[in-house]
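**Q** Below is a structure I'd like to ask you about.
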Amino acid sequence: QVQLVESGGGLVQAGGSLRLSCAASASTSNFDTMGWYRQAPGKQRELVALVSSSGTIHYADSVKGRFAISRDNAKNTVDLQMNSLKPEDTAVYYCNAFRLKTYWGQGTQVTVSS
């Protein structure tokens with residue numbers, strides 16, 4: 001069973017930065033896609049950023065220009081650099097991977113204060 005473990009969440013002021021990291025128990029080169037989703041209280045889980053095995057990247061419109069996803073198959077990690085954070089970015093952030101089935105991490109809390 002593949003495990004995804006997130007780290008790097010926390011409390012930050014608006015305008016600040018955080019870097020989330022997701023470590024996979026299997027080789028990340030095996031996954032078709034890896035990415036980050038988030039879920040705010042009372043809202044549905046939504047896609048934040050996704051990177052394919054070919055390197056194609058997709059960002060949600062709300063984070064374009066502020067967030068950057070990177071995938072390191074040598075380290076079996078996928079990171080999310082978050083800059084210019086806003087209070088509306090507050091959510092639990094989940095690492096995601098897909099190959100034949102979907103895998104989820106346990107989530108890490110990001111709180112942005114105004």
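The values are calculated or read from the model by the stated rules, or taken from the named source; none is laboratory data. Only a predicted model underlies this, so the values are computations on that prediction, with no experimental measurement involved. Ideal geometry is used to build each Cβ from the backbone, glycine not excepted, and the neighbour counts take in all protein chains shown. What goes into the accessible areas is simple: the full protein's heavy atoms, side chains included, and nothing from ligands, DNA or RNA. Shrake-Rupley method; radii C 1.70, N 1.55, O 1.52, S 1.80 Å.
**Q** Just subtract the alpha-carbon distance of Ala26 and Thr56 from 0.36 nm times their residue separation and send over the number in nm, one decimal. Please report the intermediate quantities before stating the final value.
**A** Details: separation 30, 0.36 × 30 = 10.80 nm, distance 2.08 nm.
Taking Ala26 through Thr56 to full extension adds about 8.7 nm, to one decimal.
**Q** Skip the ligands, DNA and RNA, and give the accessible area per residue of the chain with a 1.4 Å probe, whole Å².
**A** Numbers: 5960 Å² over 114 residues.
Normalised by residue count, the accessible surface of the chain is 52 Å².
**Q** Take Ser17 and Phe98, extend 7 Å from each Cα along the Cα→Cβ direction, and tell me the distance between the two endpoints in nm.
**A** 3.0
**Q** Compute the Rg to Rh ratio over the stretch 64-108 from the alpha carbon atoms, using the Kirkwood formula for Rh, and round to two decimal places. List each step's numbers first, then the result.
**A** On the way: Rg = 12.4 Å, Rh = 12.3 Å.
Reported Rg/Rh (Cα atoms, Kirkwood Rh): 1.01.
**Q** Using 7 Å Cα-to-Cβ label points, what is the Lys86/Lys64 separation (nm, one decimal)?
**A** My value for the distance between the label points is 1.4 nm.
**Q** Follow-up. Tell me, what is the 1.4 Å probe accessible area of Lys64, in Å² to the nearest 10?
**A** We get 120 Å² for Lys64.
**Q** How far apart, in nm, are two points set 7 Å out from the Cα along the Cα-to-Cβ line at Leu47 and at Ser113?
**A** That separation, rounded to one decimal, is 3.4 nm.
**Q** log₁₀ I(q)/I(0) of the chain at q = 0.14 Å⁻¹, via Debye over equal Cα point scatterers, no solvent, to two decimals?
**A** Log10 I(q)/I(0), no solvent term: -0.50.
**Q** Between Lys75 and Ala40, 0.36 nm times their residue separation minus their Cα-Cα distance comes to what?
**A** Details: separation 35, 0.36 × 35 = 12.60 nm, distance 2.92 nm.
That pair, Lys75 and Ala40, stretches by 9.7 nm at full extension.
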